[in-house]
Every structure is written in C-alpha cells, then in structure tokens.
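Have a look at the structure below before the remarks.
The values are calculated or read from the model by the stated rules, or taken from the named source; none is laboratory data. Not measured: the values here are computed from a predicted model. Note: ideal-geometry Cβ built from the backbone for every residue, glycine included; neighbour counts use all protein chains shown. Heavy atoms of the whole protein, side chains included, go into the accessibility calculation; ligands, DNA and RNA do not. Shrake-Rupley method; radii C 1.70, N 1.55, O 1.52, S 1.80 Å.
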Amino acid sequence: MAYLSLKNINKIYPNGYHAVHNFNLDMERGEFIVFVGPSGCGKSTTLRMIAGLEDISNGEFLINGKRANEQGPRERGVAMVFQSYALYPQMSVYDNIAFGLELQGADDDYIDEKVRNTARILGLTDYLDRLPRALSGGQRQRVAIGRALIRKVGIFLMDEPLSNLDAKQRVTMRSEITQIHRETGATTIYVTHDQTEAMTMADRIVVMKDGYVQQVGTPRELYFNPVNVFVAGFIGEPPMNFIRTRLSGGKIDIAGKTLDLTKLGKKLGAYEGKEIVFGFRPEAIRLGSHDKAYVLPATVELTEMLGDNTNVYITMGDMHPILKVDPHDTPEIDSEILFSIPYESVYLFDGETEKVIE
Ligand code: ADP
C-alpha cells in the first residue's frame, strides 16, 4: 500500500477557477517527489491541499490508506518550508529551531538534544547563538528547514524554498537538501518551476501544465521518454528543438532535405498526410556527416561558449534550432555546417494532440 495517495484530486476555488484537475499520485515512504511546471500550473495549490491548508474540492487524499481530507495539518503530520522563510529576527538560531517543540511543551533536555542533532545535520552547529541577520541567505534557509525538520512528521513539504537565494547558493542548497533527505529519510514533496532542481533532486518528478498532470516519472524517464511536446520541451536545457512539418509518403522535408522517417521504426501509418512534430535534443547531434543519422545543412548565427560546452544557434530556412557541441569543435559564426541527428535520438509527436509517436 502506498504511504500517500492522491485519487482524482480537484481544486475549484470559490471564484469558480478550476486550478487542479484529476490529480493522481501514489507515493512510497521516504520518496522525494518534485512537482514542476510553469508558474500558475497548480503546483502550490496541490501542495497546499496535501498540507491541509486548502480544502480538496473533490477526490480523496489517503495517508497509509486512511482518508485524510478532513484532517488538519497537525493531524496529518506535515511540516512545510515556504519560499519566504520568515525566521523570528529577535531569536537566535537555536531558539528559532527549538520554537516548534517548545510550543508542543516538550521538556528542555529533549529539545536540546533535538536542536543539536538537527543543527548537526544542517551544518549549523557553529551558528546556534547567532541571530538570523548575521547569517547568509543559504544559512537562513537551512534554519527554516531545521525548524520544519525538528518535529517528527511523516511528510515534509517545500514550496520553492530556494527562490530567494542567488544562483550559487541555490546550487549548494540543492545538494544539501538532497543530503538532508538521505539522512532523515523524510517523505518529501518539493515544488519548483526550475527543471534543473527537479532533475537533480527528485526520485520522481510530476510535470504539470494548466492544472493537469502531464507525466510522472524518474528524471531519466522524463528525459528519454517524454510523453508529449510539453514535457519534451520542459525537461532539458537548452530545450529540445521542434520542427513542425507534414508527413508525405513516410517522408518529411526540412531545409531542402528529404528525410525518410520509415527508417525510425515508428508507427507512422495513421499520420500520412498529417502534420507531425520532429524533435531532437541540442546535445544529441554530432557535427559533420555520420551513418544511421539524418544529415542536415545549417548556417551558424551565433555561438555561446559556456566552458564545458558551446551552444550553437543555427538557421535552417526559417527555423532556428540550437545545437550543443564540445567547445573544441565550436564552428565559426556565418559558416555553413553539416550536422547529424542519430536515428535513435529523433522524437516524433502528433501535430494535433502533441502526444509522442512510439
Ligand atoms: P503554481 O504553484 O504552479 O505557480 P498555483 O497553484 O499557485 O500555481 O496557482 C494555480 C492557479 O490557481 C493560478 O492560475 C492561480 O492564479 C490560481 N489561484 C491560486 N490561488 C487562488 C485563489 N485563492 N483563488 C482563485 N484562484 C487562485
């Protein structure tokens, strides 16, 4: 039996706005799940329904197989870390972390042991006497996490906890939160709009758009087997390149070249004469002409040297894909190049439904 179960969960706000549609998910104990999607897609609403901060309009939320829709946050055993970490400014790190247990009336020795243990996990031992204003953003966020972690709860919820940090702190905190999760084993749901956070931290990712779950899977599954154009374009950086074109005799025309798609071994029968979307990831290509690949010509518009790789912005007719190449192979701006897309790296999608063609 799953630890947490969301069954056909919907949220309709009092103003009639239907923010979440038929959300289904089973979570095992100890899993780290990330909800990801663009702003406004319903991630926070879903998290708040799990937390008990927002009513579930219809559907069922089960904890250990028992209906929990009517339970308050405390009964459900959830702790939540928000975007704005709102520490008590006049209290030391120690007191900020201890606060929740003090409210519960725990005894001093117990609190002391728990605070010190939590501080050790979070690398805050040397900062227990400091006030929040004497900490960096990352340290403050760790205190906020400590304050949530110290109470023994079954479910740990985080809503964009890194969005107030600078880019470098975010990278550090990302791996720290993963580490904390490994040490505590807390069942965690983490909300973010950032696909990199989702990919680097999650056991499984739930991709959402416009209130609907698009796909649930491991980072690997979402990257290699996206179910539709949205997921394919959302996961991966730079995003997958898409070319809309019409299938004719099993072939398509791109930039004056005819590509025989029957070589891909996909079920194309139903798409003859219809529009399809041809997709390939920037990092999946090889420069030059290679076997078992579609070879295409392009003009180099711009190159962006990033250190470990170079993004090459190209033009093919009226299309502007991006290629990712080894920095040693960076082509000259304005040069004409050939590049190869290996057959196994090609994705095809239904032009109408945007679902993947297997
Ligand atoms: P996300 O976390 O993915 O950015 P939210 O869950 O916050 O998205 O919001 C989902 C949608 O619900 C948005 O369109 C938002 O404007 C709307 N929404 C959020 N809260 C309310 C509310 N209290 N009343 C009406 N609509 C709301």
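Calculated on C-alpha atoms, the gyration radius of the chain divided by its Kirkwood radius gives an Rg/Rh of 1.06. Rolling a 1.4 Å probe over the protein heavy atoms of the chain, with every protein chain left in place, gives an accessible area that is 47 percent carbon and sulfur. Here the gap between Glu344 and Asp326, fully extended at 0.36 nm per residue and compared with their Cα-Cα distance, gives a gain of 4.5 nm. Divided by 2.2 N^0.38 Å, where N counts the residues, the Cα radius of gyration of segment 241-350 comes to 1.08. Protection proxy ranking, highest mean first, for peptides 120-131, 346-357, 185-196: 185-196, 346-357, 120-131, where packing is the per-residue count of other beta-carbon atoms within 10 Å, averaged.
The simple Förster model, with R0 at 30 Å and r as the Cβ-Cβ distance, assigns Lys292 and Asp334 a FRET efficiency of 0.50. When +1 charges are put on Lys and Arg Cβ atoms and -1 charges on Asp and Glu Cβ atoms, the dipole computed for the chain relative to its Cα centre reaches about 740 debye.
When we measure straight from the Cα of Lys267, which aspartates and glutamates land under 18 angstrom away, once same-chain ones fewer than 8 places off are left out? Candidates past the 8-residue exclusion: Glu275, Glu344, Asp350, Glu352, Glu354, Glu358. Accessible area per residue for segment 4-234 is 46 Å², calculated with a 1.4 Å probe on protein heavy atoms, without ligands, DNA or RNA.
In segment 10-105, one over the average inverse separation of all distinct C-alpha pairs is 15.7 Å, which is the Kirkwood hydrodynamic radius. Take every pair of alpha-carbon atoms less than 8 Å apart whose residues are at least six positions apart; their mean separation over the length of segment 145-275 yields a relative contact order of 14 percent.
Were the residues from Glu221 through Glu75 laid out at 0.36 nm apart, the gain over their Cα-Cα distance would be 49.1 nm. Remark: segment 241-350 carries 51 Å² of accessible area per residue (probe radius 1.4 Å; ligands, DNA and RNA excluded).
In the distance distribution for segment 135-181, Cα-Cα pairs more than 12 Å apart total 64 percent. May I ask which of Lys11/Lys355; Lys43/Lys266; Lys251/Lys355; Lys43/Lys168; Lys66/Lys152; Lys209/Lys266 have a Cα-Cα span longer than 30 Å here? With Cα atoms farther than 30 Å apart: Lys43/Lys266.
Computed over segment 53-125, the quotient of the alpha carbon radius of gyration and 2.2 N^0.38 Å is 1.42.
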